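Data first, discussion second: the structure below is written as structure tokens.
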């Protein structure tokens, strides 16, 4: 009887191991001419509960790979200057995936889902309302942006600028990192980004500033601010 029980436990353990065995989901991102789309942001979401599973970037040859359990997923890929890619898939070699180049470029403003405006001091990112809904937390949205020096590690949930720690702000006010990364992407009105923190923050060891401006104040009331002025001077007016 004891030996039968032992064999049963072994069978359950082996079955469980088999169910959790990881498989490769890989592909190569290319444009319409077959050239590699380098360093694109790639995210993998569960097709069942819409949660983010993992994130990575394509390499210099456009290749990327995930090691995941068997299942159905939504693959999202974004890169400045290219149309956003979104497909349903299962773990396998997906081959070449085409991301057509966008042609809507006007002066210093790049239009690609989210709009990115570059000024001498910083970048202002205006999210596309139809896109931010799919990203959940704000960190997932930041992960799809390709900004100078910005690095988002989705596995460890860390954000760095030029290899160091930036200042995290919400509505122009410095906040804890945990509060910052847990902001819902749907609440984001714009993101203000700079990898040049200025003397005030450089003396503190910061390598940049990321300020999330919300559509409305979380605790009620309204917010009034000039985005570029508030970001540069730290002045902000809040009315309740």
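What follows draws every value from the coordinates through simple rules; no lab data is involved. Quick caveat, the model's predicted, so the values are computed rather than measured. Cβ atoms come from the backbone with ideal geometry, glycine included; neighbour counts cover every protein chain shown.
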Show me 80-91, 161-172 ranked by packing, highest mean number of other Cβ atoms within 10 Å first. 161-172, 80-91
Please compute the length gained on full extension between residue 48 and residue 173, using 0.36 nm multiplied by the number of residues separating them and subtracting their Cα-Cα distance. 41.3 nm
Specify whether the C-alpha gyration tensor of segment 20-98 places it in the rounded, prolate or oblate class, a ≥ b ≥ c being the square roots of the eigenvalues: rounded for a/c under 1.5, otherwise prolate if a/b is larger than b/c and oblate if not. prolate
Given 27-39, 67-79, the highest-first ranking by average Cβ count within 10 Å works out to 67-79, 27-39
Ranking request for peptides 180-192, 196-208: highest mean number of other beta-carbon atoms within 10 Å first, then the rest in descending order. 180-192, 196-208
Report the full-extension gain for the segment residue 39 to residue 202: residue separation times 0.36 nm, less the Cα-Cα distance, to one decimal in nm. 55.9 nm
